[in-house]
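Contents: one structure, followed by commentary.
The values are calculated or read from the model by the stated rules, or taken from the named source; none is laboratory data. What you see is a predicted model; the values in this text were computed from it and never measured. Here Cβ is always computed from backbone atoms with ideal geometry, including for glycine, and neighbour counts include all displayed protein chains.
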């Protein structure tokens, strides 16, 4: 039976009826959605095109990027400090960090942002000085806490709580034996943290941090409630004037999408870099010798 | 710091919660002595090693390592814990080799061996690198410096771990079941390195199940059971003619 040698015949995988049905359904649905999006005049794609590179939109985008970078950087630093405090053996230090994390993770970031914007209602002026003395200085809170500062403070403090938990999770993924090895060499706690724990915690911290950056990028849209002209607020300012609500929301959404896609590239690069320790290839790409001539001679 | 290499334990007690793992441990180890500790699992033999290295603290009793009270200083009424810096300094004089190697996976073999001198003693990098090279060669791993632990076999990793401890120039080396996690064919290469070391006059305390090693290399043998030292004496003598019935029944099972 058949003209091909049986040993050379290709082996075909099973295709079920569900698979064919799935293909047909997805293609039909795809065509349907695409036609609808492209032919519905209310999408006003020409308006999307017109505003996509509009100056105020690009300025909003820059501010969004600035807020993301600044609050992520500051939030990560503060989060690292909190994570170290949280893992401390000194009880009050650990409890203080725990309270901070509970408070900031337990309340909505939108509420926190509005709170910081209105902080002057609690503290009309800020003083720096030694308690119970006249030494120090005071400034009007409203002079410092503008919308952008409030946004930065709110986003940073909130992010720090999440980063603290991510970093602490990374710390605890490092084996107990590693800590014992470092201790038995007489390493100080600081050296142990920098040279042993953090490098090994990185592979589990990096992917989670990448998600946080992406989340933060979109999360900055919340600060539009403070009147900060970031990407979303810039779009809102335009459609408040022109009533072209949907096209401008599409403009903003497309930018969020583009930036998110761009951000996932460095994230995967960083993941590769930090997985080096577990990779099987030597750093200087020597061929792996599986037998050990000198050891075998022993 | 003067060379000492002695260990003195008097009436050591240690509990983990309700479980007392060391009950009245008295042990003296002389400088240059090779002492093997054997006994059933849970007898407290690993805990003794971990106390000598400060990975665990003793609850009561006297523990002197290299002639100094270890981890504590004595006053008229109490033992006070030493500040971390002092404890770290004492620890640099006691090397520890673990059952599971515990090499730093983020560093190459060479960097692992250098880690102690460079990161702890802040020694000159060039000299430490040269020394690390020599140490790797001395454990039969010349040319393996650029490999990460994950690329080495268990026996090779354990030899790197021994080199890493030796790089600190300790007076005492502790081995916590150094060959228990190894394939049987790799056990020999690690024991060979330890035999070399024994010849050089290092004080060594070895928790092991390798009776052959104990017979061949050890000066003294300690048999532990249930938190007590049951028997201690010349290694070959205890192995061939144990005095205590518990030692005898244990040796009958393992030999």
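List of remarks:
- Looking only at region B:92-106, and only at residues there that are within 7 Å of chain A (Cβ to nearest Cβ) and in a loop (DSSP other than H, G, I, E, B), the one that is farthest from residue A:181 (Cα to Cα): B:106
- Residue satisfying all of: in region A:169-183; within 19 Å of residue A:85 (Cβ to Cβ) and assigned to a helix (DSSP H, G or I); nearest to the other protein chains (Cβ to nearest Cβ) among these: A:179
- Output for region B:115-145, where each listed residue is assigned to a loop (DSSP other than H, G, I, E, B), within 12 Å of another protein chain (Cβ to nearest Cβ) and either free of Cβ contacts under 8 Å to residues at least 12 places away in the same chain or farther than 23 Å from residue A:193 by Cα (or both): B:122, B:139, B:140, B:141, B:142, B:143, B:144, B:145
- Yes/no for residue B:50 being surrounded by 15 or more Cβ atoms within 10 Å (Cβ to Cβ) and part of a strand (DSSP E or B): no
- Any hit, region A:123-141, residues being loosely packed, with under 13 Cβ neighbours inside 10 Å, assigned to a helix (DSSP H, G or I) and either assigned by TED's automatic domain parsing to the domain that holds residue A:94 or under 30 Å from the mean Cα position of the chain (by Cα) (or both): no
- Matching residues, region B:63-91, being more than 10 Å from every other protein chain (Cβ to nearest Cβ) and over 21 Å from the mean Cα position of the chain (by Cα): B:73, B:74, B:75, B:76, B:77, B:78, B:79, B:80, B:81, B:82, B:83
- Looking only at residues of region A:184-231 that are within 14 Å of chain B (Cβ to nearest Cβ) and in contact (Cβ under 8 Å) with a residue 60 or more places away in the chain, we find that the one that is nearest to the chain's Cα centre (by Cα) is A:206.
- In region A:243-267, the residues that are within 11 Å of residue A:51 (Cβ to Cβ) and outside any helix (DSSP H, G or I): A:244
- Looking across region B:69-95, the residues that are free of Cβ contacts under 8 Å to residues at least 24 places away in the same chain and closer than 21 Å to residue B:121 by Cα come down to B:70, B:71, B:82, B:83, B:84, B:85, B:86, B:89.
- Some residue of region B:152-167 being assigned to a loop (DSSP other than H, G, I, E, B) and farther than 21 Å from residue A:195 by Cβ: yes
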